[in-house]
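Scroll down for the structure; my scribbles are underneath it.
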Amino acid sequence: MNGWQHRHIIDLASFSSEDYAAVLELAERFRSLPVTGARKLPALQGRLVATLFFEPSTRTRSSFELAAKRLSADVMSFSPSSSSLSKGESVLDTARTYVAMGADVLVVRHRSTAVPEQLARDLDAAGERTVVLNGGDGLHSHPSQGLLDLFTLARHFAPDHPSPEALQGKRIAIVGDILHSRVARSNLWALTACGADVVLCGPPSLLPDDFSAFVESPPPGQSFDPVAQRGTIRVERKLERALPGVDAVMTLRLQKERMGQQLLTSLSRYHRDYGLSHDRLKLCGQLVPVLHPGPVNRGVEMTSALLDDLSICLVEEQVRNGVPTRMALLYLMAAAESAAEPSLVSRSS
Ligand code: ASP
């Protein structure tokens, strides 16, 4: 755990190979610990985790809350519709209210890119010790999803030792609405950092050509890339060219709520061109797993039969892995600011 440098977790562009290794190692430990029921880990005892989701969420929010509870934290959650946001209170003032109540961690989701980062900067400038964990901001970043996807793939390729090396040299296809996907962006940083080669596939309206250069330079405000050598990114327009030889396929939801204009002619045409099915997967040349961050539009991104085929589709496995991955992030953040490492020994409560 030594060497963890991140006070806030805003995106994965700043993660080093050691950071990915630390998260995966802890996630694997948490996954195999008996922390259900009355047995919790005391690591975050006395800490307060607040989930501030200004955008809808099913998985991320409940997964963070369960992760925090399994580490014995107190948890508060905020719901925009029943809050003073409707009376005109700003996002920052809302967040500061939770800080005033003693929140140690704010997990923040917002439809506008950079809200979590701005919040983190404001808290630092005010000398607050509260840390911010990005739960998904606009199109920009969804770090915990990128990490749980990485963990899921690492477990698939190397069940006995799910480390970043498990991804080295693997070819992963990401299919669909890349343009509007913060999940795709976080996965691009994570997968290439671990030496995987990524094939992006979608229509030009949802996948601009310049995505092939996505990880070539760090984002504004970051002076260098902590990863010495990354895997490659290739853009393809047809599944027939993207799928042969891949080791896994991730498909993404069509983010209609973020499409300002009509970017697709029809959903049935999209499904015909980019929808996954058992038959389509034969293009891979081998049996490969399918991932999707959820929520899934049944019959659009993939057929219902594929979604329900748990021998191929890892969607439920991703949800399951979300909890230990988020426990790992919360643990690392808590460990970074305490003198002694928080305990990993279970207690009965
Ligand atoms: N749940 C993911 C997100 O919040 C993916 C999606 O909504 O399609 O970005």
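Here, each number is a calculation from the coordinates, and none is a lab measurement. The model shown is predicted, which means the values in this text are computed figures rather than measured ones. Cβ placement follows ideal geometry from the backbone for every residue including glycine, while neighbour counts extend to all protein chains displayed.
Tabulated results
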quantity: Amide H partners (placed H, <5 Å) of T51, local residues excluded; calculated: M76, S77, F78, V107
quantity: The chain: calculated mean residue ellipticity at 222 nm from DSSP helix runs of at least 4, using -39500 (n - 2.57); calculated: -10500 deg cm²/dmol
quantity: Total formal charge among the other residues, if their Cβ is under 11 angstrom from that of H180, Lys/Arg +1 and Asp/Glu -1; calculated: +3
quantity: Farthest toward positive dipole pole in the chain [+1 Lys/Arg, -1 Asp/Glu at C-beta], among G231, L119, F64; calculated: F64
quantity: Percentage relative contact order, region 75-194, counting C-alpha pairs under 8 Å, at least six apart; calculated: 20 percent
quantity: Loop trypsin sites (Lys or Arg not before Pro), region 238-341 (other Cβ atoms within 10 Å of the site Cβ: 16 or fewer; DSSP); calculated: K238
quantity: Long-range HN-HN contacts of R234 with modeled amide H, under 5 Å; calculated: V198, V199, L200
quantity: Residue-span extension gain [Q222 to R320] - 0.36 nm each, minus C-alpha spacing; calculated: 32.0 nm
quantity: Karplus-derived 3J(HN,Hα), 6.51/-1.76/1.60, for each residue of region 186-191, Hz, glycine and proline x; calculated: 5, 5, 4, 5, 5, 5
quantity: Burial ordering of L148, L332, fewest other beta-carbon atoms within 10 Å first; calculated: L332, L148
quantity: Residues of type aspartates and glutamates that K238 reaches as a straight line, Cα spacing below 16 Å, ignoring anything fewer than 8 places off in the same chain; calculated: D177, D209, D273, D279, E301
quantity: Prolate/oblate/rounded label for region 233-349 (Cα gyration tensor, a/c 1.5); calculated: prolate
quantity: Ranking of W4, W189 by count of other Cβ atoms within 10 Å, fewest first; calculated: W4, W189
quantity: Cα-based equivalent ellipsoid, the chain: semi-axes from gyration tensor eigenvalues, Å; calculated: 32, 23, 19
quantity: A114-L264 FRET efficiency (beta carbon distance; Förster radius 35 Å; 0.05 resolution); calculated: 0.80
quantity: Rounded D (µm²/s) - region 273-334, Kirkwood Rh over Cα pairs, Stokes-Einstein at 4 °C, 1.567 mPa s; calculated: 100 µm²/s
quantity: Listed residue (L41, M327, G294) projecting farthest to the positive dipole end of the chain, Cβ model; calculated: G294
quantity: Largest to smallest principal axis extent of the C-alpha atoms in region 136-177, angstrom; calculated: 35, 19, 13
quantity: Extension gain from N297 to L344, taking 0.36 nm per residue of separation minus the Cα-Cα distance; calculated: 13.0 nm
quantity: Amide H partners (placed H, <5 Å) of L276, local residues excluded; calculated: M302, T303
quantity: Contact order normalised by residue count of region 254-349, Cα under 8 Å, 6+ apart, percent; calculated: 23 percent
quantity: Ascending count of other beta-carbon atoms within 10 Å, so fewest first, for M327, M259; calculated: M259, M327
quantity: Label-point separation in nm, S311 to E257, each point 7 Å along Cα→Cβ; calculated: 3.6 nm
quantity: Karplus-derived HN-Hα couplings along region 153-169 (A = 6.51, B = -1.76, C = 1.60, θ = phi - 60°), whole Hz, x at Gly and Pro; calculated: 5, 4, 5, 5, 7, 9, x, 7, 8, x, 10, x, 4, 4, 8, 4, x
quantity: Packing rank of 111-120, 193-202, 302-311, where each peptide gets the mean count of other beta carbons within 10 Å, highest leading; calculated: 193-202, 111-120, 302-311
quantity: Check: the chain dipole with +1 on Lys, Arg Cβ and -1 on Asp, Glu Cβ, in debye; calculated: 760 debye
quantity: Phi-based couplings in Hz for region 266-277 (Karplus 6.51, -1.76, 1.60; Gly and Pro marked x); calculated: 7, 5, 5, 5, 4, 4, 4, 7, 10, x, 9, 8
quantity: Charge dipole (debye, nearest 20) of region 166-322; +1 at Cβ of Lys and Arg, -1 at Cβ of Asp and Glu; calculated: 180 debye
